[in-house]
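The values are calculated or read from the model by the stated rules, or taken from the named source; none is laboratory data. The model shown is predicted, which means the values in this text are computed figures rather than measured ones. Cβ placement follows ideal geometry from the backbone for every residue including glycine, while neighbour counts extend to all protein chains displayed.
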Amino acid sequence: MVAAGRCASPRLWPVKILVVGTGAREHAIVHALAAESPADGAHELHAAPGNPGIAREATLHAVDATDGAAVTELARTLEADLVVVGPEAPLVAGVADAVAAAGIPVFGPTAEAARLEGSKSFAKEVMAAAGVPTAMAHVCTTVEEVADALDAFGAPYVVKDDGLAAGKGVVVTSDRDAALAHAREALAARGDEGRVVVEEYLDGPEVSVFVICDGVTVVPLQPAQDFKRVADDDEGPNTGGMGAYSPLDWAPDGLVDEVIERIAQPTVDEMARRGTPFAGVLYVGLALTSRGTRVVEFNARFGDPETQVVLARLLTPLSTVLRASAAGTLADLPALRWSSSHAVNVVVASHGYPGTNRTGDPITGIDDAEALDGVHVLHAGTAVNAEGDLVSAGGRVLSVVAVGADLDEARARAYDGVAAIALPGSHHRTDIAAKAAAHEITVPTA
């Protein structure tokens, strides 16, 4: 079965690929595609709008990533063989729909399917219909309903903005007033459409598993773990993610198989039953609790910062996987191949992040970092100023990614890379993957 608007027999290598987005996730995708070495030539890579780091590996185009008509016209002009939509906002805005309607192969779900990320309450509805294990939850439209739900579940309190919030719409706190304040702000920001989801707290370590889908078949990537709090020891407010690592040597045997059988495949089947097939990448955020594996959240795109470490270990050409999803041929794809190496990503953030970010600070030392064994640097929030200098332009500025024979080596290389980079006022966590390296992570049992 091939989803409408998808190409059943894409051209062989090399191909023209347009990656939509601006962040480190998109840079990771471009970097992986650029590293492929087909015998008959390299891919022709383009990005819209991209960033200065992506510009080193792809041609940039000043196109609004959320403008489906503009992205489609660019893809037509380029005669792109594949369009890869990276961020959640363009997906929810229907960019993949517009590209597919023009007959151009696209990796990424339709706007209707992307509601799995765009609406936490919709995701809960789908999970319930599919029998997917997840946290108990109440969908609330008033502060009074939120207060009742908080009291029903007790502390710690988990409050989620129902819509997109750039990875920062979730508050987990033991402070009831703080939980109510977050809910009040989220409800007010969306007016009459405001809703929040109040959930039971899930104990146990969290895991991210990306699953590539074509509407029918699901193919898992390797698990990773990210770090959402801004400071060491998981202190401070939530962020879009301050680092990640893969593989997870402590994860239970059979975890990925369980994710496919109990979560991903039932969800994809339910979406197909509803007439909105999900094709692209389903991000499955998990908690390994004392009562078993539970879904924390779904996202409709690759996660950032986990993508950076997962793709660093993928040996199968990424283009092969993305194009099989777009073509509806994942069932024909050979088993994915993975490096035995470990990968660590440390995010360098700007002064003030995740509050009011300071921008315009000069960035130096990236070349020195990349001269280190096993290290590469991916851009997230960077720009080039009027003088031609690289400067900060966002909250999360860089992802410093390193691979090593084991976790200790990968961590050491990543932090050596961070040390080589100068960004005034920047900060980063110093404990990314530290507990895993020290064998201090355990999965609770009933």
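Going by the conditions given, is Phe122 of a type in the set (Phe, Trp, Tyr) and in contact with a strand residue (DSSP E or B) (Cβ under 8 Å, 6 or more places away or on another chain)?
no
A quick yes/no check of all residues on (1) touching an Asp or Glu at 6+ places or on another chain (Cβ under 6 Å); (2) small (Gly, Ala, Ser); (3) crowded, with 23+ Cβ neighbours inside 10 Å:
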{"residue": "Met242", "(1), (2), (3)": "no, no, yes"}
{"residue": "Asp249", "(1), (2), (3)": "no, no, no"}
{"residue": "Val256", "(1), (2), (3)": "no, no, no"}
{"residue": "Glu261", "(1), (2), (3)": "no, no, no"}
{"residue": "Asp269", "(1), (2), (3)": "no, no, no"}
{"residue": "Ala279", "(1), (2), (3)": "yes, yes, yes"}
{"residue": "Thr289", "(1), (2), (3)": "yes, no, no"}
{"residue": "Gly292", "(1), (2), (3)": "no, yes, no"}
{"residue": "Ala300", "(1), (2), (3)": "yes, yes, yes"}
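Kindly provide the set of residues from the stretch 333-353 that are surrounded by fewer than 21 Cβ atoms within 10 Å (Cβ to Cβ) and not in a strand (DSSP E or B), ordered by number.
Those that are surrounded by fewer than 21 Cβ atoms within 10 Å (Cβ to Cβ) and not in a strand (DSSP E or B): Leu333, Pro334, Ala335, Leu336, Arg337, Ser339, Ser340, Ser341, His351, Gly352.
Given the residues Gly374, Gly360, Gly404, which is the only one that is surrounded by fewer than 16 Cβ atoms within 10 Å (Cβ to Cβ) and touching a residue at least 24 places away in the same chain (Cβ under 8 Å)?
Exactly one of Gly374, Gly360, Gly404 is surrounded by fewer than 16 Cβ atoms within 10 Å (Cβ to Cβ) and touching a residue at least 24 places away in the same chain (Cβ under 8 Å), namely Gly360.
Out of Ser392, Ser341, I need the residue that is small (Gly, Ala, Ser) and under 19 Å from Asp226 (Cβ atoms). Which one?
Exactly one residue qualifies, and that residue is Ser341.
Mind checking which pairs have a first residue in the stretch 430-444 that is touching a residue at least 24 places away in the same chain (Cβ under 8 Å) and a second that is among the hydroxyl-bearing types (Ser, Thr, Tyr) and in a helix (DSSP H, G or I), Cβ under 8 Å, 6 or more apart or different chains?
Qualifying pairs under 8 Å: Thr430/Tyr415.
Tell me which strands (runs of 3 or more DSSP E) are completely within the stretch 223-332 and hold 1 or more residues being modelled with pLDDT of 95 or more and either within 20 Å of the chain's Cα centre (by Cα) or farther than 19 Å from Val170 by Cα (or both), or say none if there are none.
229-231, 243-246, 279-289, 292-299
Restricting the search to the stretch 407-442, which residues are under 30 Å from Gly292 (Cα atoms) and either more than 24 Å from the chain's Cα centre (by Cα) or assigned by TED's automatic domain parsing to the domain that holds Arg25 (or both)?
Correct list: Asp408, Ala438, His439, Glu440, Thr442.
Does the stretch 20-56 hold any residues that are of a type in the set (Asp, Glu) and either under 21 Å from the mean Cα position of the chain (by Cα) or not assigned by TED's automatic domain parsing to the domain that holds Thr77 (or both), and which are they?
If the condition is that a residue be of a type in the set (Asp, Glu) and either under 21 Å from the mean Cα position of the chain (by Cα) or not assigned by TED's automatic domain parsing to the domain that holds Thr77 (or both), then Glu26 is the only one that fits.
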